[in-house]
Amino acid sequence: MILLSKTLRYFIVTAQEQSIRLAALILCITPSPLCRTIKLFEISLGHKLFTRTSSGLKLTDYGRELYDTLLPLYAEVSSLEKRLINKPPDYKRPVNKLKIGIDHHDYAYLSPILSSSFFKNSEENISLEYFSPNEVNITDALKNGICQIFFSSKHIECGPEVFHIALPTDTMMLAVKRDSFTQFASQTEALSGKVLVQYEQYEQYHNNAESLEIEKYLSSNKVNIKRINIPELYVQLAMIEKGDAVGLMPSSVNSIISERNYQIKLIPFLCGHKYLTIERNVYFMNNSQKFIENNILPMIAKKTESLAG
């Protein structure tokens, strides 16, 4: 962080994730300092910002108003900070921590890896950085030392210095309240007349192949749905569990559903006559290959086995 204050970033990320644990993972800290910072922020403001519910944290009315006010400023400063960081360095910076880059918000896919004992034991030396998919050049980010590992759904052509491994793919799933799917004769009927939430804000990537296939399916089947923009995953899951919405989500979200005992069922989303898959890729410099193979790939393989089971 260059321009953003720690307190502001902690508040925004916690508000977006609706969870101290997940926010702490994203911020690469333990929950204790995050809770302490939020508490001190509340004391200085003289208002409560969050309340605890059975489905996670919820912003108070004051907290929601503050979040809505600060978010545009936070986004503007974050964008400026990314542009400053993405400039080629004038000197070779020493690599004293592991910086993981991502160009998507699918923390469900990464959270089992980030919560592993390897990362917990090294939390002071690891950071997770988000880059806009329309702005980041993965190869340049790795070569300039901005990050050492980069996870992306994009498959790009790499030069000889950058190594690429295709990870196990996710399947696009239809998320419904458990036991409610049997009430419908078809997938189209399960969607019709419902509020639809899409994890990772897929509407931002409306030109990718998966989104185009989804739009084609909804249009050709004349599915009557109402879309709402709710970026917080835990709010989406709470709505689905109550039966107020259905969702389109990658299969990796199942790890969070299971962990928090949401009464939600994930069903492979049949789009036309096929299931949609989401690519997962990891990129890194060739000199990091041994580290990746010894520390990262085994955790991904373990996670994939748990999803398959």
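The values are calculated or read from the model by the stated rules, or taken from the named source; none is laboratory data. All figures in this text were calculated on a predicted structure; none of them were measured in a lab. Please note: Cβ atoms are built from the backbone with ideal geometry, for glycine as well, and neighbour counts cover all protein chains shown.
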Going through the stretch 4-23 one residue at a time, which ones are polar (S, T, N, Q) and over 22 Å from Y109 (Cβ atoms)? S5, T7
Residue among S78, S19, S32, S54 that alone is more than 20 Å from I126 (Cβ to Cβ) and in the same structural domain as K99 (by TED's automatic domain parsing): S54
Options S258, S251: the member that is free of Cβ contacts under 8 Å to residues at least 12 places away in the same chain and of a type in the set (S, T, Y): S258
Tell me, which residue of the stretch 147-199 that is free of Cβ contacts under 8 Å to residues at least 60 places away in the same chain and of a type in the set (A, V, I, L, M, F, W, C) is farthest from E215 (Cα to Cα)? C147
Every residue in the stretch 23-39 that is out of contact with any strand residue (DSSP E or B) (no Cβ under 9 Å at 6 or more places or on another chain), in a helix (DSSP H, G or I) and touching a residue at least 12 places away in the same chain (Cβ under 8 Å), please. L34, C35, T37
Pairs where the first residue, in the stretch 226-241, is in the same structural domain as I264 (by TED's automatic domain parsing) and the second is in a helix (DSSP H, G or I) and charged (D, E, K, R), C-beta under 9 Å, 6+ apart: R227/E203; N229/E203; P231/E200; E232/E17; L233/E17; L233/E200; Y234/E17
Among the residues of the stretch 231-277, the number that are surrounded by fewer than 20 Cβ atoms within 10 Å (Cβ to Cβ), within 15 Å of the chain's Cα centre (by Cα) and outside any helix (DSSP H, G or I) is 2
Spot the failing condition for F50; the list is (1) in contact with a strand residue (DSSP E or B) (Cβ under 7 Å, 6 or more places away or on another chain); (2) at pLDDT below 80; (3) under 25 Å from S255 (Cβ atoms), and only one is missed. (2)
Residues that are hydrophobic (A, V, I, L, M, F, W, C), more than 30 Å from T30 (Cα to Cα) and assigned to a strand (DSSP E or B): does the stretch 154-162 have at least one? yes
